[in-house]
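Below is one structure, written out as structure tokens, with a few remarks after it.
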Amino acid sequence: MENQRQFPRIVILNLGVFIDWNGNRHDVINVSEAGLCLRRKGAPKFKPGEPIFADLEWPAKSISHSIKGIIVWSRTTDDGDTFYGVHADVDWLMEQISISAADNT
């Protein structure tokens with residue numbers, strides 16, 4: 001019997017910025033098939049289940065897209081960075097990243 005977990009494909013990169021409905025700026029650290037990981041300096045932790053609405057801006061790829069998601073986790077580091085896991089529909093972004101990667105080969 002094989003005991004392996006299936007993990008979604010994760011792309012590690014700094015995509016640009018995620019500007020939420022309150023005008024707060026978050027760095028987009030990575031994207032996976034399940035959503036995004038965001039980072040913000042000095043931000044409060046959010047409770048899982050809270051909605052987040054924002055615009056993803058990635059100027060290097062001419063991407064500007066509205067995203068609606070649910071915060072599934074948040075962690076604050078000793079240096080004051082808060083990281084958020086956001087479950088959102090990012091299939092369009094995964095396709096864009098795949099196209100960009102293919103163009104660079």
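Bear in mind these aren't lab numbers, they're just calculated from the coordinates by the rules spelled out. Because the structure is predicted, anything quoted here is derived from the model rather than measured. Cβ: placed from backbone, ideal geometry, glycine included. Neighbour counts: every protein chain shown.
Taking a straight Cα-Cα cut-off under 17 Å and skipping sequence neighbours fewer than 8 places away in the same chain, the aspartates and glutamates within cross-link reach of Lys45 are Asp20, Asp27, Asp78, Asp79, Asp81. Between Ser62 and Lys47, the simple spin-label model (points 7 angstrom out along Cα→Cβ) gives 4.4 nm.
Within the set of other residues whose C-beta is less than 11 Å from the C-beta of Val72, count the net charge using Lys and Arg as +1 and Asp and Glu as -1. Before the final figure, lay out each step's value.
Numbers: positive: Lys47; negative: Glu50.
Counting the neighbours of Val72, the net charge comes to 0.
Classification of region 13-53 by its C-alpha gyration tensor yields an oblate form. The axis ratio a/c (a ≥ b ≥ c) is 1.5 or more, and b/c is at least a/b.
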